[in-house]
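What follows is a set of notes on a single structure, which appears directly below.
The values are calculated or read from the model by the stated rules, or taken from the named source; none is laboratory data. Keep in mind the model is a prediction, meaning the values are calculated, not measured. Cβ placement follows ideal geometry from the backbone for every residue including glycine, while neighbour counts extend to all protein chains displayed.
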Number of protein chains: 2
Amino acid sequence: MLSKKCKYAIHALVYLAERYQKGPVHIQEIAEKKNIPKKFLEAILLELRKAKVLHSKKGKGGGYTLYQKPSEVNLMEIMRLMDGPIALLPCVSLNYYERCEECRSEKTCGIRDVFLNVRDETLEILGGSTLDKILKREKSMLTK
Amino acid sequence: MLSKKCKYAIHALVYLAERYQKGPVHIQEIAEKKNIPKKFLEAILLELRKAKVLHSKKGKGGGYTLYQKPSEVNLMEIMRLMDGPIALLPCVSLNYYERCEECRSEKTCGIRDVFLNVRDETLEILGGSTLDKILKREKSMLTK
DNA sequence: CTTTTTCCTACTGAATTAATAGACTTTACT
DNA sequence: AGTAAAGTCTATTAATTCAGTAGGAAAAAG
């Protein structure tokens with residue numbers, strides 16, 4: 001399961017994608033619209049800024065904006081930033097790999113093979129899920 | 001990520017599948033062969049027995065056996081038993097569904113759609129991963 | 001009636017999650 | 001210069017989950 005932190009991050013980013021190129025957005029505004037505790041959201045956005053997903057401006061008239069175009073931000077990278085590994089086993093993780101203690105050999109592990117498969121399918125979907133696609137889908141669903 | 005509990009459960013079940021129809025297997029034996037803390041494994045096997053995945057016999061000559069054929073036990077059900085939901089969001093979970101607080105409407109949520117997709121692909125793979133298939137794969141990989 | 005094995009209840013330490021508090025810094029505007 | 005409006009940063013905390021342990025009760029076999 002995704003952590004609340006990660007869910008909040010995704011919701012905030014979708015909101016910012018909607019406001020793309022319409023000037024900085026306050027933490028306060030996002031927190032209210034998306035029902036996220038302000039202080040918690042603060043920490044999340046700060047982390048996303050440090051990872052160069054967001055850009056920020058301090059002081060009056062400040063706020064947050066996307067660092068890149070909505071079509072260049074996908075859920076795979078957001079989830080990795082917020083929750084760490086996407087794979088279900090450390091031994092099939094691309095970014096957080098760790099050897100399996102239980103297994104004799106990775107080559108012959110029939111379990112590993114399954115989760116390698118799950119990982120690949122999952123990354124395929126998440127990697128293709130960009131903010132602009134999510135937005136587009138929401139809009140098209142509204143008119144139906 | 002899978003919990004250790006779930007990983008232990010899978011390894012134990014694969015071991016029991018290997019010994020299918022060769023008489024009851026002791027907790028002790030599984031614990032040693034698979035490097036699992038005995039007391040912890042005890043609790044896990046007990047849970048699997050209550051879920052009718054395993055059958056047990058007490059006393060001398062006792063031990064654990066699979067309740068069903070190895071071809072009838074898949075990773076989807078094991079993971080649900082051990083770790084709960086497989087879906088990444090409560091609002092797309094089949095067995096542990098909960099409404100999303102953040103979302104206005106599930107119908108028009110562009111985020112939900114992505115994770116519905118991930119869930120379907122994941123269940124497809126895990127549901128098809130039966131103990132006998134895992135065993136077969138391990139054996140075929142050994143001879144290579 | 002003793003040995004072997006599973007069954008059951010309760011507990012614990014460590015880590016993670018989901019926040020909250022409060023002071024600091026930067027910027028725009030008057 | 002002064003002030004209000006933002007984001008920045010460090011620390012703390014309460015609750016929950018995870019991973020495992022302890023110790024004895026119950027059942028079956030011989």
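Worth a mention:
- Of note, A:LEU88 does not satisfy the criterion of being part of a helix (DSSP H, G or I) and at the interface with another protein chain (Cβ under 9 Å from one of its Cβ atoms).
- Given (1) within 11 Å of chain B (Cβ to nearest Cβ); (2) charged (D, E, K, R); (3) touching a residue at least 60 places away in the same chain (Cβ under 8 Å), number of the condition A:LYS69 does not satisfy: (1)
- Some residue of the range A:14-30 being within 14 Å of another protein chain (Cβ to nearest Cβ) and near DNA strand D (Cβ under 9 Å from one of its atoms): yes
- The set of residues in the range B:109-144 that are under 12 Å from A:ASP113 (Cβ atoms) and touching a strand residue (DSSP E or B) at 6+ places or on another chain (Cβ under 6 Å) contains only B:SER129.
- Any hit, the range A:80-102, residues being hydrophobic (A, V, I, L, M, F, W, C), within 12 Å of DNA strand C (Cβ to nearest atom) and in contact (Cβ under 8 Å) with a residue 60 or more places away in the chain: yes
- Members of the range A:34-66 that are within 14 Å of chain B (Cβ to nearest Cβ), out of contact with any helix residue (DSSP H, G or I) (no Cβ under 6 Å at 6 or more places or on another chain) and either within 9 Å of DNA strand D (Cβ to nearest atom) or at pLDDT 95 or above (or both): A:PRO37, A:PHE40
- Flag if A:SER3 is within 16 Å of DNA strand C (Cβ to nearest atom), over 17 Å from A:LEU135 (Cα atoms) and within 14 Å of chain B (Cβ to nearest Cβ): yes
- Qualifying positions in the range A:3-38 - surrounded by fewer than 20 Cβ atoms within 10 Å (Cβ to Cβ) and part of a loop (DSSP other than H, G, I, E, B): A:SER3, A:ARG19, A:TYR20, A:GLN21, A:LYS22, A:GLY23, A:PRO24, A:HIS26, A:ASN35, A:PRO37
- Residues within the range A:44-61 that are within 14 Å of DNA strand C (Cβ to nearest atom) and either surrounded by 13 or more Cβ atoms within 10 Å (Cβ to Cβ) or of a type in the set (Ser, Thr, Tyr) (or both), tallied: 7
- Residue count, the range A:125-144 (criterion: outside any loop (DSSP other than H, G, I, E, B) and either within 8 Å of another protein chain (Cβ to nearest Cβ) or farther than 23 Å from B:GLU121 by Cβ (or both)): 11
- Looking only at residues of the range A:98-121 that are within 7 Å of chain B (Cβ to nearest Cβ) and acidic (Asp, Glu), we find that the one that is surrounded by the fewest Cβ atoms within 10 Å (Cβ to Cβ) is A:GLU101.
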